[in-house]
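Below is one structure, written out as C-alpha cells; comments come after it.
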Amino acid sequence: MEKEVKIFKIIIILDILLLMICTFSYVKPSSKLQQIPSKNITHKILMPKTNKITIKNINKSVVSNKTIYLTFDDGPSYLTESILNILKAENVPATFFVTANKIDEYKDIIRREYEENHTVAVHSATHVYSYIYSSDQNYFNDLTEIRNKVFKIIGIKPRIIRLPGGSSNTISKKYSPGIITRITNNLNSNNFYYYDWNIDSTDASGCVSKDQIYNSVITHLKSGTNIILMHDSATKKTTVEALQSIIEYGKQNGYTFAKITKNTPQIHHHINN
Ligand SMILES: [Zn+2]
C-alpha cells in the first residue's frame, strides 16, 4: 500500500512539472506581428540609404500658356553662385545641364542647385566633341560618367540631358556619320529625355554684351514653351549681368518660370547627322 502511495505521489509531481513546462514554454502569438505581410518587411530591409538633401520650398515651378525655362549649360563654375543668388532673390526656378569639368570643385553648388528646387540635368562629362561623337560607346560612357558624378553628390542619376552642340550639330559628322540619329534613337527608347532649345541667348559666341543677350531673349519670347539656352561657364559674365533684366521682363509680360521635368514638352532640333 505504501509503495502505491509513493508511486501516486511521483505521478502527481511529474504532472505538476509537465504543467509548469507547458505554461512557461507557451508564447502568446503577437497579433501585430502576424498582420505585417512579409513582403513589407523585406522591402524595408532592402531600402537603400538615400543621400538626404531637403529641397527648400522656394523657386516654385509654374507652367502656364506662357512659360520660360531658363537653362544653363557647361557649369558649374565660379559664376554659378551669382546665378543661384539672382534666381533665389527672384524666386524663379531653372535647369542646369552640368559637365564634369569643375564638378569636384563645386559640389556644394550642385547640392545648392538641387536643394533650391532647380533641375540638375546632365550635359557631358568631358564635352570633347572628338571623343563623345567618335563612337556610340564613347558617348554613352561619357554620359554614364557625368550621371554617376551627379549621383554621388545629390543621390539622383539625372535622365534629363542636353547633347553638346544640341541635337542639330553637324560637327559630329566629322567623327562618325549618323551618330546623332543613333544616339537620339537610343535615348528615346531608354527613358532619357533630351532637350534642345528654341531661344538662343547667343551667349555662346565670343564676347557678347549683356544688352545683346537680353535682346536676343526677349525679342523671341512667345506663347507656349520658351526654352532659353544660356551658359554658366567661367567666361560668361555678361550672361549673369543680363539675367536679372530677362527675369524682370518675363514677369512684367505675363510669363511664368518653370524648370524642365520629364513632363516638359520636348523641344527637339532637326537632326542633321
Ligand atoms: Zn555645352
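Values in this text are rule-based calculations from the coordinates and carry no lab data. The model shown is predicted, which means the values in this text are computed figures rather than measured ones. Glycine gets a Cβ as well: all are built from the backbone with ideal geometry, and neighbour counts include every protein chain shown.
Dipole magnitude for segment 190-273: computed about the Cα centre from +1 point charges on Lys and Arg Cβ and -1 point charges on Asp and Glu Cβ, it is near 200 debye. Between Glu145 and Lys251, the simple spin-label model (points 7 angstrom out along Cα→Cβ) gives 4.0 nm. Loop-resident chymotrypsin sites (Phe, Trp or Tyr not before Pro) (DSSP state other than H, G, I, E or B) in segment 70-104 with no more than 11 further Cβ atoms inside 10 Å of their Cβ are absent.
For the residue pairs Lys56/Lys157; Lys66/Lys222; Lys66/Lys251, alpha carbon separations beyond 18 Å are given by Lys56/Lys157. Legend: ranking of residues Val62, Val217, Val208 from fewest to most surrounding C-beta atoms inside 10 Å; resulting order Val62, Val208, Val217. Estimated from the Cβ-Cβ distance and a Förster radius of 25 angstrom, the FRET efficiency linking Val62 and His269 is about 0.45. Summing +1 for each Lys or Arg and -1 for each Asp or Glu among the other residues whose beta-carbon sits under 12 angstrom from that of Ser61 gives +1.
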